Amino acid sequence: MFKKSKLILLGIICAIGIPIAASAAIVHSNKTIENPILQKYVNKDEKKVKLILEKLNKNQLIDEVNAISTDLGAENESTSLLPFVAELYKRVNKFENQEITKIVNDNTNAITTRAIMVDLYTVKNEKNDNKNELKKFLKQSIPNEVKVKIITASTFDETDIELLKYLIEQDDDNLTFQSLKKLSKVDSKEAYSISENILSNYNIQSPQKISAAQKATVQYLRDNKIEHKDKFISLCLDILNHTKDPSLKDSSVFALSDLYDKESILKVIKNDSIDRELKVFSIDQNYMIINEILLNNPSEGDIDAVVKAMEIMPIRDLIEPLKNVKENINNTDLEKRCNDVLATMELEGHKGNVKWLDKNNNGGK
Amino acid sequence: MKKNKFIFAIALIGSLLISMVNSSVYAATGYEGYAVYRDGVLFNYTWHAAIMDEAYSTTTTRPIVHSTLGNIVNYDTWNNFLNGKTFKGVYRPNITPTSTDRDLFKSMGRKLANENISYNAGYQVYYNTSTAGTWVDSSEISSMRCDGVVEYIYEWYGFKVYGNSTYWDVTKNSFWGRDHHSGTAVTPQSQAGYLTLVTSSIPK
């Protein structure tokens, strides 16, 4: 009797234990893969992964996303979720909004899973954004990463101004950055007012807050076609010259470039401390502003700056306008440089990038 | 007469060479603005993509810009990019970019990093089709995938990567164009197939 029981027990141990032992033994690139969900995908190509995923039901698919998010997400293996998310999107209409919001709000799910479900909700409700049910989580206790995802994926209107102002106060990092950026689209004057406060004592503010305040100020100055931008231009140059934070240096140059302003682009061209590639970017983005400079009776100093710009980034569209003002040059050295750069523009000039002239960019005015 | 012609030719070639050297002295060098890839995403499923912000992997501590999960488009270290996986090569658009083009690629990478754009595993580039302009400015992107960083940068400047003749430009605001660059229609590994290999060695 005892022997028989032992045998049965041994059988059970073998039945359960061997597969577990075998599965725990899977090794890939000198690394043991312990998660049984992950083991299914070892050495599988695109077609095989697709076949596995197609057989999963909705809940199983979410479980797999959670498993991958927890294991590979922690290793920064972001793209690992690509086939899973592709499969989720294929089934977008099989999910009710309530199901999605429940997963977003469930703190037992991985943050990545919750962020992915925010994306799924956004795709599902793209044409019905007025009834965004995710926004209610922004005042609740959910991780900031999920809040940021909701903010970036959602459209806001006048009824959300107080909510966005509340969120701006919540941290000094990306949550503030994204909230202020959104507020500037809804109420650029209010965002400008908050930004003025941030920038007035930028020495004690976080880089993210300063960067967002620069963007919101640019939005306000552009939206309201405010002519005198000198104070803001000086402030950006001041930050650029004094900060040691490379991201803030970049942010200051991009703010100057995004202004689409004559004085601003001239300052960028003439500033020797700005990296060459950022000057190239700004000249490309502002080629129509440079064109306007040439068309409006430019001083010799202005022509000098335009020649300098074309030496850095020659643009074919500006050949004729530059030729037309060449006669105004008295300085022989500048005249020679102008002739040389015109030859370069003819030979290897880039075509102006019309994408910058989009109405939303305001590049073409 | 023949001697004069010879001297003139030498002088012309010399001045051409000098102008070539001069125009490239300050322009993109090394591998700046090129795309880099490594394998090992979901074991052998696909690759991971990034854009070179520096000339070489050893130039600075954070030589690349990429989009990673739970994070935003940002600069990162070479080790974080590789993450213990195998390097698959440096790639460029099929039409050879000039060094000025590569300056533009690099600066657009910096612009994307400046916008704090979050990760999206489903779409290369995601934006609101109703609020974005005709051309999707970097500030209008709500999220993007690692291969989206490469696709957006190259295609903003007119260098086609993936896609058919109607929807190839991922920077053009279009529901179907956005969809054309989603899911598994294009992956980081298949994207590399639409580019030209510069070198399969680590850029150092």
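Rule-based calculations on the coordinates, nothing more; no lab input. All figures in this text were calculated on a predicted structure; none of them were measured in a lab. Every residue, glycine as well, gets a Cβ built from its backbone with ideal geometry; the counts of neighbours run over all protein chains shown.
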Check: What is the helix-to-structure angle for B:2-25, meaning the angle in degrees between its Cα long axis and the longest Cα principal axis of chain B, kept from 0 to 90 and rounded to the nearest 10?
Finding: 30
Next item on the list: Round to the nearest 10 and give me the degree value, 0 to 90, for the angle of helix B:99-114's Cα axis relative to the longest principal axis of chain B.
Entry: 30
Next item on the list: Mind telling me which of A:Gln285, A:Gln214, A:Gln98 comes out most flexible in a GNM of chain A, alpha-carbon contacts under 10 Å?
Entry: A:Gln98
Note to self: Only counting other Cβ atoms within 10 Å, I'd like A:Ser247, A:Ser69 sorted with the fewest neighbours first.
What the structure shows: A:Ser247, A:Ser69
Notebook entry, point to check: When you take every Cα atom in the range B:5-199, what is the radius of gyration, and what is Dmax, the widest Cα pair distance, in Å?
Noted result: 18.1, 66
Next item on the list: Whole Å is fine, so just give me how far the alpha carbon centre of the range A:43-114 lies from that of the range B:84-139.
Entry: 25
Next item on the list: Sum up the charges of everything whose Cβ sits under 9 Å from the Cβ of A:Lys58, counting Lys and Arg as +1 and Asp and Glu as -1, but leave A:Lys58 out.
Entry: +1
Item checked: Shape parameters for chain A, alpha-carbon atoms, Rg then Dmax in Å -> 28.7, 114
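Got a sec? How would A:Lys225, A:Lys181 order by Cβ neighbour count within 10 Å, fewest to most? Let's see the in-between values first.
Details: A:Lys225 8, A:Lys181 22.
By the 10 Å Cβ count, ascending: A:Lys225, A:Lys181.
For a 24 Å ceiling on Cα separation, which of these pairs sit above it: A:Lys215/A:Lys323; A:Lys267/B:Lys106; A:Lys182/A:Lys209; A:Lys181/B:Lys111; A:Lys181/A:Lys231; A:Lys127/A:Lys209? Could the numbers behind the result be given before it?
Numbers: A:Lys215/A:Lys323 36 Å; A:Lys267/B:Lys106 21 Å; A:Lys182/A:Lys209 13 Å; A:Lys181/B:Lys111 15 Å; A:Lys181/A:Lys231 21 Å; A:Lys127/A:Lys209 31 Å.
A:Lys215/A:Lys323; A:Lys127/A:Lys209, as the Cα separations exceed 24 Å there.
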Note to self: To test your reading of the geometry: what angle, between 0 and 90 degrees and rounded to tens, separates the Cα axis of helix B:146-156 from the longest principal axis of chain B?
What the structure shows: 50
Notebook entry, point to check: How well do other chains shield peptide A:246-259, expressed as the mean number of their Cβ atoms within 10 Å of each residue Cβ?
Noted result: 3
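How many percent of Cα pairs in the range A:166-226 exceed 15 Å? Please report the intermediate quantities before stating the final value.
Values: 712 of 1830 pairs.
Counting every Cα pair in the range A:166-226, those more than 15 Å apart make up 39 percent.
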Check: For A:Tyr202, what charge total do you get from the other residues with a beta carbon under 12 Å from its beta carbon, if Lys and Arg give +1 and Asp and Glu give -1?
Finding: -2
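Taking only complete DSSP H runs, can you tell me which helices of chain A stretch 27 Å or more along their own long axis by Cα positions and average at least 0.0 on the Kyte-Doolittle scale? Numbers along the way, then the final one.
Numbers: long enough: A:2-24 (32 Å, 1.53).
Membrane-span-like by this criterion, though nothing is claimed about a membrane: A:2-24.
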Notebook entry, point to check: Taking the simple approach of a point 7 Å from Cα along Cα-to-Cβ for both A:Lys131 and A:Glu327, what is their distance in nm?
Noted result: 6.8
Checklist line | Potential lengthening between A:Asn93 and A:Asp272 on full extension [0.36 nm per residue; Cα-Cα distance subtracted] | finding: 59.0 nm
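With Cβ to Cβ distances under 11 Å as the rule, what net charge do the other residues near A:Gln214 carry (K, R +1; D, E -1)?
Numbers: positive: A:Lys181, A:Lys209, A:Lys215; negative: A:Asp250, A:Asp258.
Result for the neighbourhood of A:Gln214: +1.
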